[in-house]
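The values are calculated or read from the model by the stated rules, or taken from the named source; none is laboratory data. Just so it is clear, the structure is predicted and the values come from calculations on it, not from any experiment. Glycine gets a Cβ as well: all are built from the backbone with ideal geometry, and neighbour counts include every protein chain shown. SASA here: full protein model, heavy atoms, side chains in, ligands and nucleic acids out. Shrake-Rupley method; radii C 1.70, N 1.55, O 1.52, S 1.80 Å.
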Amino acid sequence: MTSNIAESINSALVSERELPIYDFLEEVRKMFEHWNCSNRKEASHTYTTFEKQYQEILTLNEALSTYMIVVPSTEHLHMVNDEGRHYTVCLLEKTYSCGRFQVDELPCPHAWLS
């Protein structure tokens, strides 16, 4: 068990350090490629279950979001139209003009679409 990523990389590349630089870098690329692939597979089969109360809130917010229209302003800033009311969602700063996320820290229906 190592304490940081640099130690993990160093311990995985002990024999490769003797290679010429180009071959060494190719081995590093292959190692990261393998790590990314295995981590992605593991993450795709990982599911988080919330307490029933929070799961119900998230399910309700997802259902409510199907009736809304999203108009992206920038990559991180979106305007959400909810039956004539407009809300601003900033994904970068994690702020929503409805104020619900700032209170309960769960994605509100407006943020669900963005």
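Solvent-accessible area per residue for the chain at a 1.4 Å probe radius, Å²?
Values: 8830 Å² over 114 residues.
Result: 77 Å² per residue.
Spatial offset of segment 44-76 relative to segment 12-26 amounts to 45 Å, using the alpha carbon center of each. Sites counted here are GluC sites (Glu not before Pro) in a DSSP loop (not H, G, I, E or B) having no more than 12 other Cβ atoms within 10 Å; the longest part of the chain that contains none of them is 1-50. The angle between the Cα long axis of helix 52-65 and the main principal axis of the chain comes to about 70°, on a 0 to 90 degree scale. Backbone amide hydrogens, once placed in the peptide plane, bring residue 95 within less than 5 Å of 90, excluding anything fewer than 5 places away on its chain.
For the chain, carbon and sulfur atoms together expose 57% of the accessible surface, with a 1.4 angstrom probe and every protein chain in place.
Please give me, ordered by residue number, the trypsin sites (Lys or Arg not before Pro) of segment 1-102 that lie in loop per DSSP and have at most 13 other Cβ atoms within 10 Å. Please list the in-between numbers first.
Numbers: sites: 17, 29, 30, 40, 41, 52, 85, 94, 100; in loops: 94.
Answer by residue number: 94.
Candidate cross-link partners of residue 30 among the lysines, defined by an alpha-carbon separation under 29 Å and a same-chain spacing of 8 or more, comprise 41.
Quick check on the chain: helices-only [θ] at 222 nm, where DSSP H runs of length 4 and up contribute -39,500 (n - 2.57) each and the sum goes over total residues. Nearest 500, please. Don't jump to the answer; show the numbers that get you there.
Details: 5 runs with 56 residues, N = 114.
Here the helix-only value at 222 nm equals -15000 deg cm²/dmol.
Under the shape rule built on the C-alpha gyration tensor, where the axes satisfy a ≥ b ≥ c, the chain is prolate, since a/c reaches at least 1.5 and a/b is greater than b/c.
Express the relative contact order of segment 20-114 as a whole percentage, based on alpha carbon pairs under 8 Å and six or more residues apart in sequence.
Normalised by residue count, the contact order of segment 20-114 is 20 percent.
Each residue of segment 13-26 was assigned a 3J(HN,Hα) from its phi angle through the Karplus expression (A = 6.51, B = -1.76, C = 1.60, θ = phi - 60°), giving 10, 4, 6, 6, 4, 7, 6, x, 4, 4, 5, 4, 5, 5 Hz with x at Gly and Pro.
For segment 50-113, chymotrypsin sites (Phe, Trp or Tyr not before Pro) meeting the loop criterion (DSSP other than H, G, I, E, B) and having at most 15 other Cβ atoms within 10 Å: 50, 67.
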